[in-house]
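Have a look at the structure below, then the notes.
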Amino acid sequence: AQAVEEEEEDEEDGVYVVERILKVRHTGKSPEYLVKWEGYEGYDDEFTWEPEENVLVGAGKMLKAFKEALAAEEVRRGKQRMGAGSSSGSSRATKGSGSGGSRGALPT
């Protein structure tokens, strides 16, 4: 019950609760994160792109975990690409997938 009361107070102060961090994009100097906000299901602003400083307000641990998972995924992808080069069929499939520029792009 206490956590619910704290969340309500946070929303009154203009601080909202991050449910999940979904993606990252790099525009300009600093990254922005696609955030799913708790309690906004079905609203237009359920998902928003936020600068890191906005996400850190109440979700610093979640942001750290997201960055660690992203780094682990990049390592995994790198290992897959290295292994894919030994087979001519799979190298053609990965070559066209684009190794740069697509990370963090918002799907259309």
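Only the coordinates and a few stated rules stand behind these numbers; no lab work does. It should be emphasised that the depicted structure is a prediction, and the values quoted were computed from it without experimental measurement.
Structure notes:
- If the chain linking Val17 and Lys61 were pulled fully straight, counting 0.36 nm for each residue of separation and taking away their Cα-Cα distance, it would gain 14.6 nm.
- Extension reserve of the Met82-Lys29 stretch, reckoned as 0.36 nm per residue once the Cα distance is removed: 16.0 nm
- Distance from the alpha carbon centroid of the range 15-30 to that of the range 37-77 works out to 5 angstrom.
- Lysines with Cα under 20 Å of Lys36, excluding same-chain neighbours fewer than 8 positions away: Lys23, Lys61, Lys64, Lys67
- Annotation: amide H of Arg20 within the under-5 Å range of Lys36, sequence separation 5 or more or interchain, hydrogens built in the peptide plane.
- Just so you know, the Rg over Rh for the range 18-80 is 1.02, from Cα atoms, with Rh as the Kirkwood radius.
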